[in-house]
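One structure is given below, encoded as structure tokens.
Read-outs: derived from the displayed coordinates by stated rules, not from any lab. Here the structure is a predicted model, which means the values were calculated and not measured. Don't worry about glycine lacking a Cβ; one is built from the backbone with ideal geometry, like all the others, and counts go over all protein chains shown.
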Amino acid sequence: MTLDEFQASLSDANPPNLSPPLIALWHDARGEWDKAHNVAQDIDDENGSWVHAYLHRKEGDLGNAGYWYRQARRPTAANALSDEWKEIVATLLRENTKGRA
């Protein structure tokens, strides 16, 4: 799936069959922050932590976001939230494709 296809799926009733971090970002893009956070907090890996960090940054809880960026082993983001969302989605889609090859 490409970033454009992922974004097009946002008008669907249900998220595409992808990894939980991508499902969390799908919900976030639809304005469903609580659903996104519920998915993200149950992911126990660095990608889940990265999504969790982004969500808390979006929420404005920078202290909590910083914790999750450290768990993700990523620098604290300073770019626009929309740019970070696209970066995370694109990275995770690439990883998802590699996992299926």
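Kindly provide the helix-only [θ] at 222 nm of the chain, computed as the sum of -39,500 (n - 2.57) over DSSP H runs of four or more divided by all residues, to the nearest 500 deg cm²/dmol? All intermediate terms of the calculation are to be shown ahead of the outcome.
On the way: 6 runs with 69 residues, N = 101.
Value at 222 nm, helices only: -21000 deg cm²/dmol.
With a sphere of radius 12 Å drawn around the Cβ of HIS52, what net charge do the other residues whose Cβ falls strictly inside it have (Lys, Arg +1; Asp, Glu -1)?
Values: positive: ARG57, LYS58, ARG70, ARG74; negative: ASP28, ASP42, ASP44, ASP45, GLU46, GLU59, ASP61.
Spelling it out: positives minus negatives among the neighbours equals -3.
What FRET efficiency comes out for the pair ARG30/TYR67, r = Cβ-Cβ distance, R0 = 35 Å, nearest 0.05? For R0 = 35 Å, the calculated efficiency reads 0.85. In a Gaussian network model over the chain where Cα atoms closer than 10 Å are linked, find which of ASN64, ASN47, ASN14 has the largest mean-square fluctuation. Result for the chain, Cα springs under 10 Å: ASN14 fluctuates most.
Please give the length that would be gained between SER82 and ALA8 if that part of the chain were fully extended, namely 0.36 nm times their separation in residues minus their C-alpha to C-alpha distance (nm, one decimal).
Net length gain for the segment: 25.1 nm.
Considering every alpha-carbon pair of segment 1-63, the percent of pairs per 10 Å bin, from zero through the bin containing the longest distance, is 23, 54, 22, 1.
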